[in-house]
Amino acid sequence: MRQLLLLCLLLTGLPAQAQAQTQTQTQTQQPAFNAARLDSLLNGLAANNKLMGSLALSRGGQPLYSRAFGYADVAGKTAATPATRYRIGSITKVFTATMIMQLVDEKKLTLNAPLGRFFPQLPNAATITIDQLLSHRSGLHSFTNDPAYATYLTKPKTRAELLAIIGQTKPDFKPGAKYTYSNSNYAVLGFIVEKLAIMPYALAVQQRIVGRAGLTSTYYGGKINPQKQESLSYERTATEWKLSSETDMSIPGGAGALVSTPADLNRFLAALFDGKLVSANSLATMRTLRDGYGQGLMEVPFGTKKGFGHGGGIDQFASRAYYFPDEQLAVALCTSGGTFSLNDVLIGALSLAFNKPYKVPSFVGSPSASTYVPATADLDRYVGTYASAQLPLKISFTRKGSVLRSQATGQTAFALEAMSAGVFRFEPAGIVVEFDAASSAKPSFTLRQGGGVFVFKKE
């Protein structure tokens, strides 16, 4: 899951049928929302093939803005609409945490209950607590970080098989010692929901959250079906949208298996913070941060304003959903592919929602519109694994056609955009990679991100 925080550091056109649909509504005693300016941003993204998806905002539980842009199905020429449904990846964790807290409210569970009560076969099960699973402090190694994960992610797995996979790896640290984000924590929490609710996770979500919050397009995902308004996901290459592989949704479970829309995500967060899903004490617990993470919620600053929510990424889908309780403002963005920063889209949306100055970026003729195509021989020279004395991770590069792909330790592989000879970037994370052209036999590269400069050498 790639998580970007807001303001922490701070048209080769599509066919007419792919144009986005807009719904706006202003509220009394609020400055007029500049929908046209936000439309311009999303129009530019779609027209320049930078991003495809759907964005929605609500205030006081009422829709403020809703727009989809790009395609839900590229081959079928099906335009995305506000009703299009997307895999939301790790935003699922907020749903899972909510159901766990409901079980706490119902006295069926306590936060200090040991994992061994449910799955004694897992490492350190006798000492790992529910609280530590919720807050990513259990030490359970994330099964999605293992190289073997790529060999089975498209194949169905049973609960027993996933528990065996999680159980066979050595813990990363002693329970409670520190915070490390791990999908294993929430996969296990999903199984605990099933045990205590005495029903499948999919049914528990429907009964415990979807019905209570008035959601209409949120459910446990399966094989993607465009005929049911479900979006496919795509990797953007230099010249086209390439269909992504599909994770079998039996695998992410309570860590990332839900499908939803931005409007539904806004309703969900509003219901959670309005006290419709958990008690005030449970919500306060979910919001209490340790090492930047609560229990299923992260804090997201926007200037002096404070929001809570989560991000998600699965296959080539990427999503963000945040709620600002003091302003009763919710914003959600679901995307099916692209190279533009979701963070920057949300900065634009929130700037306009909070009546702050915002300038729509210029896409045509800017660095965002690079047409540079690198030589195949150069890409082959960059292929390999690199390490840095400055960072405790390695970065590997592979070539797919005319595209250089990068993968850091424990992270998903992604395509880099070629800017010029030896210079590449990954715009969603603000990463620029510059290879040393003088080092032909064993090249090195410099990674720049958020003001940091890191040198990597080929192993």
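The values are calculated or read from the model by the stated rules, or taken from the named source; none is laboratory data. All of these numbers come straight from a predicted model, not from anything done at the bench. Because the Cβ atoms are built from the backbone with ideal geometry, glycine has one as well, and the counts that use them run over all protein chains shown.
With respect to S231, determine if the residue is assigned by TED's automatic domain parsing to the domain that holds F324 and under 19 Å from the mean Cα position of the chain (by Cα). In short, yes. Restricting the first residue to the stretch 282-295 and requiring it to be small (G, A, S), which pairs with a second residue that is part of a helix (DSSP H, G or I) meet a Cβ separation below 7 Å and a spacing of at least six or different chains? What qualifies is S282/M101; S282/V104; S282/D105; G294/M286; G294/R287.
If you check G307 against the conditions, is it buried (at least 24 other Cβ atoms within 10 Å of the Cβ), within 19 Å of I130 (Cα to Cα) and of a type outside the set (A, V, I, L, M, F, W, C)? No, not satisfied.
The single condition among (1) surrounded by fewer than 17 Cβ atoms within 10 Å (Cβ to Cβ); (2) of a type in the set (S, T, Y); (3) modelled with pLDDT of 75 or more that S439 does not meet is (3). For the stretch 88-136, the candidate set comprises residues that are among the polar types (S, T, N, Q) and touching a Ser or Thr at 6+ places or on another chain (Cβ under 7 Å); within that set, the residue that is farthest from M249 (Cα to Cα) is N112.
Restricting attention to the stretch 257-289 and to residues that are within 19 Å of the chain's Cα centre (by Cα) and small (G, A, S), the residue that is nearest to P82 (Cα to Cα) turns out to be A263.
Here's a check for you: in the stretch 215-243, which residue that is assigned to a loop (DSSP other than H, G, I, E, B) and modelled with pLDDT under 95 is nearest to K77 (Cα to Cα)?
Filtering the stretch 215-243 down to residues assigned to a loop (DSSP other than H, G, I, E, B) leaves 215-218, 221-225, 229, 231-233, 237-240.
Next, from what is left, pick out any that are modelled with pLDDT under 95: 237-240.
Working: T237: 18, A238: 20, T239: 17, E240: 14 Å.
Only one residue tops the list, namely E240.
Could you tell me how many of the residues in the stretch 319-353 are part of a loop (DSSP other than H, G, I, E, B) and closer than 26 Å to A280 by Cβ? Looking only at that region, the number is 4.
Restricting to the stretch 45-70, give me the number of residues that are hydroxyl-bearing (S, T, Y) and either at pLDDT below 90 or within 19 Å of the chain's Cα centre (by Cα) (or both).
Applying the first criterion (hydroxyl-bearing (S, T, Y)) to the stretch 45-70 yields 54, 58, 65-66.
Filter once more, so that each one left must be either at pLDDT below 90 or within 19 Å of the chain's Cα centre (by Cα) (or both): 54.
Total satisfying the criteria: 1.
Is the stretch 283-295 home to any residue that is modelled with pLDDT under 95 and assigned to a strand (DSSP E or B)? Yes, the conditions are met somewhere in the stretch 283-295.
Can you pull out every residue in the stretch 45-62 that is part of a loop (DSSP other than H, G, I, E, B) and among the polar types (S, T, N, Q)? Scanning the stretch 45-62 gives N48, N49. Within the stretch 22-44, can one find any residue that is touching a Phe, Trp or Tyr at 6+ places or on another chain (Cβ under 6 Å), modelled with pLDDT of 90 or more, in a loop (DSSP other than H, G, I, E, B) and of a type outside the set (D, E, K, R)? Looking for residues that are touching a Phe, Trp or Tyr at 6+ places or on another chain (Cβ under 6 Å), modelled with pLDDT of 90 or more, in a loop (DSSP other than H, G, I, E, B) and of a type outside the set (D, E, K, R), one finds none in the stretch 22-44, hence no.
Of the listed requirements (1) in contact with a strand residue (DSSP E or B) (Cβ under 7 Å, 6 or more places away or on another chain); (2) at pLDDT below 80, Q390 misses just one: (2).
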